[in-house]
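Participant: This is the structure I want to talk about, given as C-alpha cells.
Every read-out reported here was derived from the displayed coordinates using simple, explicitly stated rules and does not represent laboratory data. Bear in mind the structure is a predicted one, so any value in this text is a computation, not a measurement. Note that we place each Cβ from the backbone using ideal geometry, even for glycine, and neighbour counts take in every protein chain shown.
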Amino acid sequence: MAKGRGHYAGLAMALGMLTATGCSGNDAPDRPDAPPPPQAESETGLPEGAVKVGENLYMIPVGVTEDGYHQYTPHTTAPDRVVTTLIHYPDGEGGFTSNKREAVRGPAEPDG
C-alpha cells in the first residue's frame, strides 16, 4: 500500500526536529544550561510539583523558559504503559497544552 505525502512530510519533520535537538549543544556562551533533572520525592518516586492528570499518569516539571513558561512532560508509573515525551505548558484551566501560544505563565497546580 502506498503512503501519502503527508506521512512522509510528518516523518521528515520529526526526523528534522530530532536531528536539530540532538546536534544542538550548550557550548554557545549566550545559551543557558539545561536545568537539572527534578529530584524525586522518596515516598512517591515523583518529583516535587508533579501533577496527576490520570490513573498512573502525571505531568512532571522539567524546566522554565526564559520568558517564564513552566515546562512539563508526561510520566507514567504503570510499568506496561508508554507515554510520548513532549514538552507541555499549563493552560490556565487545569490542563496542559503543547502549544505555547495557548499557555499561561507560572506553574501548574500540583496534585495534592
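Participant: Among Tyr69, Gly94, Val53, which residue has its Cα positioned farthest towards the positive end of the charge dipole of segment 51-102, with +1 placed on the Cβ of Lys and Arg, -1 on the Cβ of Asp and Glu, and the dipole taken about the Cα centre?
Facilitator: Ranked along the dipole, the leading option is Val53.
Participant: Could you sort the peptides 46-58, 75-87, 95-107 by per-residue average Cβ neighbour count (10 Å cutoff), highest mean leading?
Facilitator: Listed from highest to lowest mean packing, they are 46-58, 95-107, 75-87.
Participant: Quick check: from the Cα gyration tensor, does segment 51-102 come out rounded (a/c under 1.5), prolate or oblate?
Facilitator: Judged from the Cα gyration tensor, segment 51-102 comes out prolate (a/c at least 1.5, a/b above b/c).
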